[in-house]
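Written below as structure tokens is the structure these notes are about.
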Amino acid sequence: MTILITAKDYKSTNLPTLKKQYADLIEKGTIPTLHVILVGENPASVIYTRNKKKFIENLGGKCEIINLPETISEKELLENINNISSSPDIHGCFVQMPLPQHLSHLDVGQLIPPSKDVDGFHAENLYHVMTGNFDETTLLPCTPKGVIKLLKEYKVELEGKDVVIIGRSMIVGKPLSLLFTAENSTVTICHSKTKDLIEKTKAANIIVAAIGKANFLNADYLNEKGDQVIVDVGINKDSEGKLCGDVDTESMKNKCHAITPVPGGVGPMTIYCLAENLLVAANNLRNK
Ligand code: NAD
């Protein structure tokens with residue numbers, strides 16, 4: 001029987017502690033405060049930012065969504081980012097991606113000061129990921145951090161295990177490969193030009209799909225042993241417009257040891273880790 005690795009289970013154990021940490025900081029006079037810059041009205045981005053705001057407010061933090069028009073100039077966007085960056089009352093900030101075409105060349109992760117970079121995309125924060133020299137005060141990229149937390153919660157052994165990550169993006173695949181390496185896993189990063197992908201996934205103990213293609217990974221990619229763990233990072237719409245991951249979960253049932261569902265797996269963990277990073281940023285700034 002395949003185990004479902006869910007964020008709900010993770011939260012039922014860990015959310016009370018996070019809530020208490022927020023309450024303790026608020027009692028000391030610091031309300032963890034996040035500003036999210038949202039350019040335009042991309043429907044998925046509107047939903048993502050709303051969910052993040054709701055989660056942080058439920059913890060007692062503050063979250064403001066700064067809605068900027070689709071047509072905003074680069075200069076005006078940078079002014080907005082600078083205002084947030086220099087405000088002592090704002091502990092965390094990020095720009096919701098994707099940006100409109102005329103701004104898509106901007107590497108916004110580098111524009112937020114590393115101390116407020118709750119997405120964990122700034123080079124200074126990524127350097128800690130590169131070196132493996134990080135602790136609970138480091139702002140780690142949210143989705144990769146969420147994947148590792150979820151697997152550890154379910155006591156999935158990482159040390160010495162062969163991990164295949166499909167996807168080499170800067171927000172998921174690459175940083176996640178480094179977090180697995182820090183856990184002493186042996187990692188193979190695959191991508192659109194990888195040859196013999198099926199051979200590689202069959203040989204893995206853990207497979208992570210971060211591709212962005214609905215139901216891409218099916219049971220053909222698994223070995224016969226039924227002992228593999230599958231992590232589905234994808235957030236896609238299927239042909240009927242229904243939310244789905246990169247993994248064809250139905251075909252995997254009873255053919256792998258464990259799997260993360262979409263929705264209810266990595267997605268909510270990303271939001272959880274963002275809230276955790278906001279707490280870290282607020283604490284770090286307070287202790288400075
Ligand atoms: P991306 O488009 O930047 O990268 C996709 C990767 O998939 C690329 O490295 C590409 O080489 C690889 N790829 C594409 N086709 C392939 C193929 N046929 N075989 C092997 N590899 C292939 O995407 P991303 O930003 O990393 O996001 C990936 C998915 O994860 C998307 O569905 C995105 O919505 C989702 N996502 C989810 C969360 C979350 O919180 N759950 C966070 C970030 C991204």
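Worth a mention:
- Conditions (1) of a type in the set (S, T, N, Q); (2) modelled with pLDDT under 95; (3) touching a strand residue (DSSP E or B) at 6+ places or on another chain (Cβ under 6 Å); number of the one not met by ASN125: (2)
- Any chance LYS225 is buried (at least 16 other Cβ atoms within 10 Å of the Cβ), over 30 Å from LEU25 (Cα atoms), basic (Lys, Arg) and more than 11 Å from the ligand (Cβ to nearest atom): no
- A count restricted to segment 149-176 and to residues that are crowded, with 21+ Cβ neighbours inside 10 Å, more than 9 Å from the ligand (Cβ to nearest atom) and within 28 Å of LYS195 (Cβ to Cβ) stands at 6.
- Applying the condition of being more than 22 Å from the chain's Cα centre (by Cα) and surrounded by fewer than 17 Cβ atoms within 10 Å (Cβ to Cβ) to segment 198-213 and asking which residue is nearest to the ligand (Cβ to nearest atom) yields ILE198.
- Residue match in segment 44-52 (condition: basic (Lys, Arg), within 22 Å of the chain's Cα centre (by Cα) and under 30 Å from VAL229 (Cα atoms)): yes
- Test: residue in segment 121-140 that is surrounded by fewer than 23 Cβ atoms within 10 Å (Cβ to Cβ), closer than 23 Å to TYR221 by Cα and either aliphatic (A, V, I, L, M) or more than 14 Å from the ligand (Cβ to nearest atom) (or both): no
The values are calculated or read from the model by the stated rules, or taken from the named source; none is laboratory data. These numbers were taken from a predicted model, which means no experiment stands behind them. Cβ coordinates were reconstructed from backbone atoms using ideal geometry, including for glycine residues, and neighbour counts include every protein chain displayed.
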